[in-house]
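Remarks on the structure that follows.
The values are calculated or read from the model by the stated rules, or taken from the named source; none is laboratory data. Owing to the predicted nature of the structure, the values given are computational and were not obtained by experimental measurement. All Cβ positions, glycine included, derive from the backbone under ideal geometry; neighbour counts span all protein chains shown. Accessible surface areas use protein heavy atoms only, side chains included; no ligands, DNA or RNA. Shrake-Rupley method; radii C 1.70, N 1.55, O 1.52, S 1.80 Å.
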Amino acid sequence: MEPENNQSNVRLFVALAVPPDLREKLSALPHKGLDANWSHPDDYHITIRFLGDLAAERLPVIEQALSRVRRPPFGMEVGGLGVFANKNQSILHAQVPSVRKLETLCADITDVLVPLGFDFGLRPFVPHVTVARVKGQRGLADYIARHGRLVAARWQAAEFHLMRSASPDGVGRRYTVLQTYPLR
């Protein structure tokens, strides 16, 4: 879907929140040794679908479509650290090793959004929790080896969220929950 250019655009995505104990573990990771922009602990999440920059008037239709998703709660697990790397920036992330039920939820969400004109292309779904955006790759392998085992959590996913991305607020948060959808 092409971005719409006007002043009332919102940048939207669908996500799962992470539990408080995982937020604590991720925020306790040492920042020393990496030239990075660290995610705010309240912003940790697992993106299910990125919707992009859209006219705010489209929100009610998107919210209504997402309310039709029916999926029972399911177990989630995060374990270890990984990296998505390119020349200029690397993404340090917490890995999501078991994704079958999350992929099914993603497919259900996709099914209700495609009729609204969304095209998610062929990009593979790789669930993760972004921890930091690191300049380059220097020190990352050592950092992951030293701290990766500290990142582990299991929980029951009971809801997903429609979220808005914006400029950081006064305390560095970037994301706001617009709507919560219970899994049932």
Answer with yes or no whether Pro41 is free of Cβ contacts under 8 Å to residues at least 24 places away in the same chain, more than 20 Å from Val114 (Cβ to Cβ) and touching a Lys or Arg at 6+ places or on another chain (Cβ under 6 Å). yes
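When the residues of the range 44-64 are narrowed to those that are acidic (Asp, Glu) and in contact with a strand residue (DSSP E or B) (Cβ under 9 Å, 6 or more places away or on another chain), which ends up modelled with the highest pLDDT?
Glu63
Could we say that Asp21 is assigned to a helix (DSSP H, G or I), surrounded by fewer than 18 Cβ atoms within 10 Å (Cβ to Cβ) and modelled with pLDDT under 95 here?
So Asp21 does not fit the description; no.
Taking only the range 52-99 into account, find how many residues are part of a helix (DSSP H, G or I) and under 17 Å from the mean Cα position of the chain (by Cα).
1
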Mind checking which residues of the range 48-91 are of a type in the set (S, T, N, Q) and either surrounded by 19 or more Cβ atoms within 10 Å (Cβ to Cβ) or farther than 20 Å from Gln156 by Cα (or both)? Gln64, Asn86, Asn88, Gln89, Ser90
Identify, by number, the condition in (1) open to solvent by 10 Å² or more (accessible area, probe 1.4 Å); (2) closer than 24 Å to Arg173 by Cα that Ser98 doesn't meet. (2)
Taking the condition within 22 Å of Pro19 (Cα to Cα) and not β-branched (Val, Ile, Thr), does Pro60 pass? no
Does the range 121-141 contain any residue that is part of a helix (DSSP H, G or I) and modelled with pLDDT under 95? yes
Just for the range 109-161: of the residues that are more than 17 Å from the chain's Cα centre (by Cα) and charged (D, E, K, R), which one is least open to solvent (accessible area, probe 1.4 Å)? Asp142
Checked the range 24-47 for anything open to solvent by 60 Å² or more (accessible area, probe 1.4 Å) and acidic (Asp, Glu); matches are Glu24, Asp35, Asp42
